[in-house]
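Following: one structure in structure tokens, then a few remarks.
The values are calculated or read from the model by the stated rules, or taken from the named source; none is laboratory data. On a predicted model such as this, the values are computed, not experimentally measured, just so you know. Here the Cβ positions follow ideal geometry from the backbone for every residue, glycine too, while neighbour counts run over all protein chains shown. These accessible areas exclude ligands, DNA and RNA; they are computed on the full protein's heavy atoms, side chains included. Shrake-Rupley method; radii C 1.70, N 1.55, O 1.52, S 1.80 Å.
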Amino acid sequence: MIKNILRTPETHPLTWRLRDDKQPLWLNEYCKKNGYTGAKKALKELQPNEIVNLVKTAGLKGRGGAGFSTGVKWSLMPQDSSIHIRYLLCNADEMEPGTYKDRLLMEQLPHLLVEGMVISAFALKVCRGYIFLRSEYIEAMIHLRRAIKEATEAGYLGKNILGTCFNFDLIIHTGAGRYICGEETALINSLEGRRANPRSKPPFPAFSGAWGKPTCVNNVETLCNIPAILANGVKWYLNISSSEDKGTKLMGFSGRVKNPGVWELPFGTTAREIFEDYAGGMCEGLHLKAWQPGGASTDFLTADHLDLPMEYAALGKAGSRLGTALALAVDNTISMVSLVRNLEEFFARESCGWCTPCRDGLPWSVKILLALEKGKGQPGDIETLEQLCSLLGPGKTFCAHAPGAVEPLQSAIKYFRAEFEAGITSQHFDSCIAINGIQPNNLLTQRW
Ligand SMILES: Cc1cc2nc3c(=O)[nH]c(=O)nc-3n(C[C@H](O)[C@H](O)[C@H](O)COP(=O)(O)O)c2cc1C
Ligand code: SF4
């Protein structure tokens, strides 16, 4: 039985305003439903540093995947008001396969994002913001454009916002369709019109970001959390979830489940509850073989892990990551080798090519996986894949693209090794030794 969600402002700060007909909420309706209350409070009653402290105390963590404290990130921006040019960038690139949460917010609640950005910009003393939008999100672009126009005409954007001396302009910038543009420093390069390679850190964007100026990059969902924190207060926010991660999160399940979708749920909701009660479990005749908790770049878990709470620490302890919290269900008819080959092809194609381990290592993994898929793998292939996972792991490449890319691979081998072994041909191995007289270890050099 699929659960029906009763959305209220207290329990569903992000989605309680959603219309049943899935149409966007324009300014009138948004304002009737308490829209811009948080912005009014922020601009008229609070100082920028007070807002930064509120967000820090609320324990809001970035919803772009890494889960870093938003308040701490904001407090890294220079306090010195004499630095007039600084930027707020909204990361709306959302190209992680299986992730579609920011899309929902931008298509149906565009004013929530605009309000979140106005408050954040005021807190960070920023006069110009950009929404870096995935170019395929055409509907989101149209709806955001209209929301920005409406907000400007109503005095929520532009000069002297709400009669104060605060000015803030918001611009939509559509990307050219690369996954790496979601990495915050590659995003900055792309926004500046450069090739989208990640930049070295330090300097961090808070000191030298877009056009060398202090810059804060936040995810769409992160920014959409801000209005309710201002309007309802920190105490309310701290009590929404009983988990150590505060507030709600857009969570979902896709794959061959009965009711794929995205729902706003408190942190700590178990994966089983989402899978069974909201997604309705697997379609008839199928059973769950594996799942990824938060996008294509998170480690696979198995059906035995379904009782885990959807929280950063719990999933980390289980050997995966919360990521974007949009889970993918893998059913028993799917070959893990083929699935991982497909994912690694995507990651190899999306590598920016800046550093060697990622540029060369990911295509190498694809070649091996293709061979295993065709039953033409060679002894030592699985060990080579494992070695690649280690060589492309955290801290070994210039950015987090490669470590994320190998997470599905390393976990698929860990839980489904037999499927990889089944792709190794013993015939080829025997004939190589017989014909060439070479040792198994040298086979790698022979082939690649
Ligand atoms: C390869 C790669 C792709 C990323 N894609 C996105 C993305 O599409 N959206 C996003 O918000 N963050 C993405 N991130 C994370 C960003 O670099 C950054 O941490 C995030 O935008 C910060 O926002 P937050 O603090 O609000 O989470 C990506 C990171 C990497 C390494
Ligand atoms: S890890 Fe990959 S995407 Fe990141 S800088 Fe290196 S080559 Fe580019």
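Annotation: extensible slack from Arg195 through Ala418 equals 76.1 nm (criterion: 0.36 nm per residue apart, minus Cα-Cα distance). Distance between the C-alpha centres of the range 254-328 and the range 158-231: 30 Å, rounded to the whole angstrom. Per residue, the chain exposes 42 Å² of accessible surface when a 1.4 Å probe is rolled over the protein heavy atoms with every protein chain present. Distant-in-sequence amide contacts of Asp331, defined by a placed amide H-H separation under 5 Å and a gap of 5 or more residues or a different chain, comprise Arg256, Lys289. With the simple model of a label 7 Å out from the Cα in the direction of the Cβ, Arg145 to Asp331 spans 4.0 nm. Applying the Karplus relation 6.51 cos²θ - 1.76 cosθ + 1.60 with θ = phi - 60° to the range 266-273 yields 3J(HN,Hα) values of x, 3, x, 4, 6, 4, 4, 4 Hz, where x marks Gly and Pro.
Between the amide H of Leu326 and those of Gly252, Gly295, distances stay under 5 Å, these residues lying 5 or more places away or on another chain, with hydrogens modeled in the peptide plane.
For the chain, the Kirkwood estimate of the hydrodynamic radius, built from every pair of different alpha carbons, is 23.2 Å. Round to the nearest 10 and give me the degree value, 0 to 90, for the angle of helix 220-232's Cα axis relative to the longest principal axis of the chain. Computed tilt is about 40 degrees. When you count the other C-beta atoms within 10 angstrom of each residue and take the mean per peptide, 35-41, 153-159, 292-298 line up highest first as 292-298, 35-41, 153-159. When a 1.4 Å probe is rolled over the protein heavy atoms, the share of accessible surface on the chain that falls to carbon and sulfur comes to 53 percent. Using a Förster distance of 41 Å, how high is the FRET efficiency between Glu153 and Val72, based on the Cβ-Cβ distance and rounded to 0.05? Step by step, r from the Cβ atoms, then E = 0.70. The HN-Hα couplings worked out from phi for the range 379-391 by the Karplus form 6.51 cos²θ - 1.76 cosθ + 1.60 (θ = phi - 60°) are x, x, 4, 5, 5, 5, 4, 5, 5, 4, 4, 6, 6 Hz, whole numbers, x standing for Gly and Pro.
Annotation: for a label point projected 7 angstrom from Cα along Cα→Cβ of Lys44, residues of the range 211-240 with backbone N closer than 18 Å are 227-233. Legend: calculated FRET efficiency, Leu391 to Asn259, from the Cβ-Cβ distance at R0 = 35 Å, rounded to 0.05, equals 0.30. Computed from backbone phi, the HN-Hα couplings of the range 80-86 come to 4, 5, 6, 7, 7, 9, 8 Hz, rounded to whole numbers (Karplus: 6.51 cos²θ - 1.76 cosθ + 1.60, θ = phi - 60°; Gly and Pro given as x). Ordering Met95, Trp26, Ile85 by the projection of their Cα atoms onto the charge dipole of the range 1-117, which places +1 on the Cβ of Lys and Arg and -1 on the Cβ of Asp and Glu, puts Trp26 at the extreme positive end. For Lys367, the lysines whose Cα comes closer than 23 Å to its Cα, not counting residues fewer than 8 places off in the same chain, are Lys376, Lys396, Lys414.
Structural descriptor for the chain: relative contact order 15 percent, calculated from alpha carbon pairs under 8 angstrom and at least 6 residues apart.
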